[in-house]
Amino acid sequence: MSYNSSPAFLSRPISYICTGGYINYLQNATEPNGDSLQYELIAARNNGPNASVPYAAGYTYLQPIHTAPIGPFLLNQKTGNISFVANTVETSVIAIRVNEYRFDSTFYVWVKA
């Protein structure tokens with residue numbers, strides 16, 4: 001029987017950023033089994049999987065920070081890199097899930113683990 005491990009973040013969360021500065025933050029994760037990783041933004045949760053934190057007007061889990069047009073909020077799903085230019089002083093919440101995919105050599109497809 002083969003046991004699967006879960007991805008683990010190696011990067012520390014950002015506790016503050018400077019307004020107007022370009023942010024390039026790598027959400028670095030590792031997975032000991034060598035599975036392929038894919039990053040995605042999800043709604044922040046409070047007390048369980050079905051209790052999403054409500055976002056203030058103008059914010060969503062896909063756009064958790066007000067950004068400058070020259071530096072929109074972007075998450076690279078393959079690398080986990082987040083980049084943006086914040087243009088407002090604010091308190092924000094960003095939630096990221098790391099999905100792992102294992103290669104099925106019988107059918108030559110990647111399967112979500």
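The values are calculated or read from the model by the stated rules, or taken from the named source; none is laboratory data. Owing to the predicted nature of the structure, the values given are computational and were not obtained by experimental measurement. Reconstructed Cβ throughout: ideal geometry from the backbone, glycine too, with neighbour counts over all protein chains shown. Keep in mind that these areas ignore ligands, DNA and RNA; they rest on the heavy atoms of the full protein, side chains included. Shrake-Rupley method; radii C 1.70, N 1.55, O 1.52, S 1.80 Å.
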Cα-only Debye scattering, the chain: base-10 log of I(q)/I(0) at q = 0.09, 0.13, 0.17, 0.18 Å⁻¹ = -0.30, -0.59, -0.91, -0.98
Accessible surface of the chain, 1.4 Å probe, proportion on carbon and sulfur as whole % | 56 percent
Collect residues whose amide H, placed 1.01 Å from N in the peptide plane, falls under 5 Å from the amide H of A29; neighbours closer than 5 in sequence don't count.
-> L10
Amide H within-cut-off set for A43, under 5 Å, with H built and near neighbours excluded = none
How big is the charge dipole of region 14-102 about its Cα centre, in debye rounded to the nearest 20, if each Lys and Arg gets +1 on its Cβ and each Asp and Glu gets -1 on its Cβ?
-> 60 debye
Length added when fully stretched, I70-I14, from 0.36 nm per residue minus Cα-Cα | 18.0 nm
At 1.4 Å probe size, with every protein chain present, just tell me what the per residue accessible area of the chain comes to in Å².
-> 69 Å²
Vicinal HN-Hα couplings computed from phi for region 23-40 (Karplus, 6.51 cos²θ - 1.76 cosθ + 1.60; Hz; Gly/Pro x) = 9, 10, 10, 8, 7, 7, 10, 10, 9, x, 7, x, 5, 7, 10, 9, 9, 8
Using r as the Cβ-Cβ distance of F103 and Y3, and R0 as 22 Å, what FRET efficiency do you calculate, to the nearest 0.05?
-> 0.85
Using the Karplus equation 6.51 cos²θ - 1.76 cosθ + 1.60 (θ = phi - 60°), what ³J(HN,Hα) coupling, rounded to whole Hz, does each residue of region 68-77 give in order, writing x for Gly and Pro?
-> 7, x, 6, x, x, 6, 10, 10, 7, 5
Would you mind checking which residues have amide H under 5 Å from G71's amide H? H placed 1.01 Å from N; only 5 or more apart, or other chain.
-> V85
For the chain, with a Gaussian network of springs between Cα atoms less than 10 Å apart, report the residue from A56, A95, A29 with the top mean-square fluctuation.
-> A56
